[in-house]
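One structure below.
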Amino acid sequence: MAVIKKPVIAGNWKMHKTIAEARELAASVARGFPEVSEAALILIPPFTAIQEVKRTVSGTDIAVGAQDLFWEEKGAFTGEISPLQLKEAGCDFVIIGHSERRQFFGETDETVRKKVLAALNHELTPIVCIGETLEEREKGQTLNRIQTQLENSLFALDASSFSRVVLAYEPIWAIGTGLNATPEQAEEVQAFIRSLIASRYGKTLADYAIILYGGSVKPNNALSLAREKDVDGFLVGGASLEAESFLGIAREALRAVRD
Ligand code: PGA
């Protein structure tokens, strides 16, 4: 059975945009994408702009997410943000384990595991990032690395919890570098991820799992990546900071589904 999925296009704005700039970008995205019901668009601004972005896209199908969370609901955790606070501000999604969090802020597979549980417990859909470094790729360790990340951070979940997780394969060497994975490289890893999900949870759940690709996705490389069987959409960084390029990627992803 062929599984029909809407392409998911998530824009990770990272540490960009003031509240006023975020409002303007969200409004331009909302204005520019009438086919929104055919694709799932998710805007992921910095914490300070979540509420304003949510307000700006209200009445559309565009969803809002956060870039991280802490696993406790409240307490003496200076600088952290809780799942309850994110829900209240209007989030339905949260990125967990982005490679920049792993690289600069000490995120590990274990903290990812705790954060995923916290997100699921509060009806937030986690977008869990996994990916290899350039060194790991060059040493032929890519698939091993991916397998370890999945096993350590996600595969203890039961099937119903796992089915609510979105995955994003983001080769670290491709993030913000302008070097995207080729469609074949992305497909090799994403098919491997799906096969691991199938062995752990069964084929049906694997077929329905959403696996995004991220790493220097632009309007001019999105179509060929989106045509790959196991690429269900994109997690976009730099190109999500302008409505035109973000929408261009979304249109290419839709074209891949329609062709
Ligand atoms: P990029 O970032 O599109 O700028 O490479 C992707 C990401 O970090 O999610």
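Here, each number is a calculation from the coordinates, and none is a lab measurement. Just so it is clear, the structure is predicted and the values come from calculations on it, not from any experiment. Positions of Cβ are backbone-derived with ideal geometry, glycine not excepted, and every protein chain shown enters the neighbour counts.
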(message) Just to be sure I understand: with springs between alpha-carbon atoms less than 10 Å apart, which residue in Glu80, Glu107, Glu72 has the highest mean-square fluctuation in the Gaussian network model of the chain?
(response) Glu80
(request) Report the chymotrypsin sites (Phe, Trp or Tyr not before Pro) located in the stretch 1-89 that are in a DSSP loop and have at most 11 other Cβ atoms inside 10 Å of their Cβ, or state none. (result) Phe77
(request) Could you pull out the trypsin sites (Lys or Arg not before Pro) across the stretch 202-259 that fall in loop regions by DSSP (anything but H, G, I, E, B) with no more than 14 other Cβ atoms inside 10 Å? (result) Lys229
(request) May I ask you to give the average projected area over all directions of the convex hull of the Cα atoms of the stretch 1-134, in nm² rounded to one decimal? (result) 10.1 nm²
(request) Determine ³J(HN,Hα), in whole Hz, for all residues of the stretch 187-199 in sequence, where each value follows from phi through the Karplus function 6.51 cos²θ - 1.76 cosθ + 1.60 and θ = phi - 60°; x replaces Gly and Pro. (result) 5, 4, 6, 5, 5, 5, 4, 5, 5, 5, 5, 5, 5
(message) I want to verify a result. In a Gaussian network model of the chain, Cα cutoff 10 Å, which of these has the top mean-square fluctuation: Asp232, Asp158, Asp92?
(response) Asp158
(request) Name the long-range amide H neighbours of Val128: under 5 Å, sequence gap of 5 or more, or other chain; modelled H, no Pro or chain starts. (result) Ile96, Val166, Leu167, Ala168
(message) My understanding is that a pair violates if its Cα-Cα distance is over 19 Å; which of Lys74/Lys115; Lys17/Lys114; Lys54/Lys115; Lys17/Lys54; Lys203/Lys229; Lys17/Lys87 do that in this structure?
(response) Lys17/Lys114; Lys54/Lys115; Lys17/Lys87
(message) Over all directions, the average projected area of the alpha-carbon convex hull for the chain comes to how many nm²?
(response) 12.9 nm²
(request) First select every other residue whose beta carbon is under 14 angstrom from the beta carbon of Gly248; then total the charges, Lys and Arg +1, Asp and Glu -1. (result) -1
(request) Show the residues, 5+ positions off or on another chain, whose built amide H is closer than 5 Å to the amide H of Ile9. (result) Ala40, Leu41, Ile42, Phe234
(request) Could you tell me which trypsin sites (Lys or Arg not before Pro) in the stretch 55-142 are loop residues by DSSP with no more than 15 other beta carbons within 10 angstrom of their beta carbon? (result) Lys74, Lys139
(message) Please list 3J(HN,Hα) in residue order for the stretch 5-10, calculated via the Karplus relation 6.51 cos²θ - 1.76 cosθ + 1.60 where θ = phi - 60°; whole Hz, with x for glycine and proline.
(response) 10, 6, x, 9, 10, 10
